[in-house]
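Written out below as structure tokens is the structure these notes cover.
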Amino acid sequence: MMNYLRFLSMVILCAIPGVAFAELTITEIMYDPEGADTNREWVEVYNSGDDVVIEGGLGNTWRLYEESANGTLNKRTLNFESDAATLTLPHNSYAVIAKNASAFRQDFPEYNGLLLFSAFTLTNTEGRVLTFRDALGIERSSPLLYTPLPEARGTGASLQLQVNSEWIAGLPTPGDVNTEEPLSLHEEELDEEAVGDDFLQLESTWPFTNEELYIDAGENRRVFVNEEVYFTGRIRFKNGDELRRGSRSWAFGNGEGDSGVRTTHAYRHPGVYRAVLRVEYEGRLYQDSFLVHVIDTHEIAIGGHDSDSVEIINMSNHEVEVSNWTLRSGGEIKEFAEGTYILPSSSTFVPFISSSNTVTLYDSTGSPVHKRDLAPESLSNDEVYEQMLRKIERMLTLTQKK
């Protein structure tokens, strides 16, 4: 089932007057190369239709349209390595649009396909809509909302479209058929099943004692950047009695720590951290740990809206809790109830009547996450077109669920 939050490509709008058949498909995106990513981003497109003549340079030209932070679409001119005015992309062939042609050829010296370059952004933390239009402004590819995946952030992997219309992170294949082998992170492998509720008992070589302790640091959890995390460990003897004395300390996994069984900490950067509770008692050292998956709030955004509700989008691959987050517009405030979750790569509509044209989403710390203009008259043609795509995708999803 196609997922709106993963992509908007593949939706053929044959039933809508004035929308041309899009023969180009965005099939691969390198948005965050390993190491320094300056000028090393690129996009691969595949031509499934007839031969396509691409006009480049200044004036009447094809362009890559890229969504900006405020939701408008910026025009990115397509440039050629040669002085040619046009280039032909044959049927069933690929082309790469790189941010810098020289940097791309250094990274992929064996690539011998069609190469263009353009000044785009491809942000690392939040998805942006991408699409191609010809010199007449006609859409030549279906709009795609790419979603950054943790596996493709600085790992050397690219986002790659699969035959089942899903996207995975895999080793780059510019100009060739995409890989079917997803790249997995070591941190992701160490997830709930790996840690679970098992106790990690580490003993030192200090003198042995018959006193046996069980240490429970807590369960794995997912939080947002700058969200306060509560660390509450449980230390008990084999018979169930609580330990009342002994040295207790926490290591949060980011070089910081604290003493005591109960403490709080906020992580300033996204990532997966192992929090460790250490207890020294009667000459022995005991230890237990759990994983803290810290998600960037840029993964959550305001989507569409209607007269009495606002859509909240989760662009991450994980279920997230948005308890005590708020929507604010003018004098109106809507606080999300405790226990509010959004499923992975999904969205939810929150009842909210805006008292102004602008609504802002705040996280539980009161920090602004996303701001959106809701005034219908302020929508550009591109935004209206994007909303049409969303409505069609929701209709398709509901039909498939039935």
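The values are calculated or read from the model by the stated rules, or taken from the named source; none is laboratory data. It should be emphasised that the depicted structure is a prediction, and the values quoted were computed from it without experimental measurement. In this analysis, Cβ positions are derived from the backbone assuming ideal geometry, glycine residues included, and neighbour counts consider all displayed protein chains.
The one condition from (1) more than 25 Å from the chain's Cα centre (by Cα); (2) modelled with pLDDT under 85; (3) surrounded by 14 or more Cβ atoms within 10 Å (Cβ to Cβ); (4) among the hydroxyl-bearing types (Ser, Thr, Tyr) that SER247 does not meet is (3). Scan the stretch 320-343 for residues that are surrounded by 14 or more Cβ atoms within 10 Å (Cβ to Cβ) and either in contact with a His (Cβ under 6 Å, 6 or more places away or on another chain) or under 22 Å from TYR146 (Cα atoms) (or both) and jot them down. VAL320, ILE342 - these are the residues of the stretch 320-343 that are surrounded by 14 or more Cβ atoms within 10 Å (Cβ to Cβ) and either in contact with a His (Cβ under 6 Å, 6 or more places away or on another chain) or under 22 Å from TYR146 (Cα atoms) (or both). The number of residues in the stretch 112-155 that are surrounded by 19 or more Cβ atoms within 10 Å (Cβ to Cβ), of a type in the set (Ser, Thr, Tyr) and touching a residue at least 60 places away in the same chain (Cβ under 8 Å) comes to 5. Right, TYR65: in a strand (DSSP E or B), of a type in the set (Ser, Thr, Tyr), modelled with pLDDT of 85 or more and closer than 30 Å to GLY303 by Cβ or not? When the stated conditions are applied, TYR65 passes them. Could you run through the stretch 297-346 and say how many residues are among the aromatic types (Phe, Trp, Tyr) and assigned to a strand (DSSP E or B)? So the count comes out to 1. Quick check: anything in the stretch 121-137 outside any loop (DSSP other than H, G, I, E, B) and of a type in the set (Val, Ile, Thr)? Yes, the stretch 121-137 has at least one match. Pick from the stretch 304-319 the residues that are touching a strand residue (DSSP E or B) at 6+ places or on another chain (Cβ under 7 Å) and surrounded by fewer than 20 Cβ atoms within 10 Å (Cβ to Cβ): which of them is nearest to THR123 (Cα to Cα)? Checked the stretch 304-319; the qualifying residue nearest to THR123 (Cα to Cα) is HIS318. Here is a check on your reading of the model: is GLU151 part of a loop (DSSP other than H, G, I, E, B) and of a type in the set (D, E, K, R)? Judged against the criteria, GLU151 is not a match. Residue by residue through the stretch 366-383, note down the ones that are at pLDDT 80 or above and of a type outside the set (A, V, I, L, M). GLY366, SER367, PRO368, HIS370, LYS371, ARG372, ASP373, listed by residue number. Taken over the stretch 315-327, the residue count meeting the criterion of being under 19 Å from PRO270 (Cβ atoms) and in contact with a Leu (Cβ under 7 Å, 6 or more places away or on another chain) is 4. May I ask you to verify whether VAL229 is within 30 Å of GLN162 (Cα to Cα), assigned to a strand (DSSP E or B) and modelled with pLDDT of 70 or more? For VAL229, the condition - within 30 Å of GLN162 (Cα to Cα), assigned to a strand (DSSP E or B) and modelled with pLDDT of 70 or more - is not met.
I'm told SER184 meets every condition in (1) polar (S, T, N, Q); (2) at pLDDT 80 or above; (3) in contact with a helix residue (DSSP H, G or I) (Cβ under 7 Å, 6 or more places away or on another chain) except one. Can you identify the failing condition by its number? Just one mismatch for SER184, condition (2).
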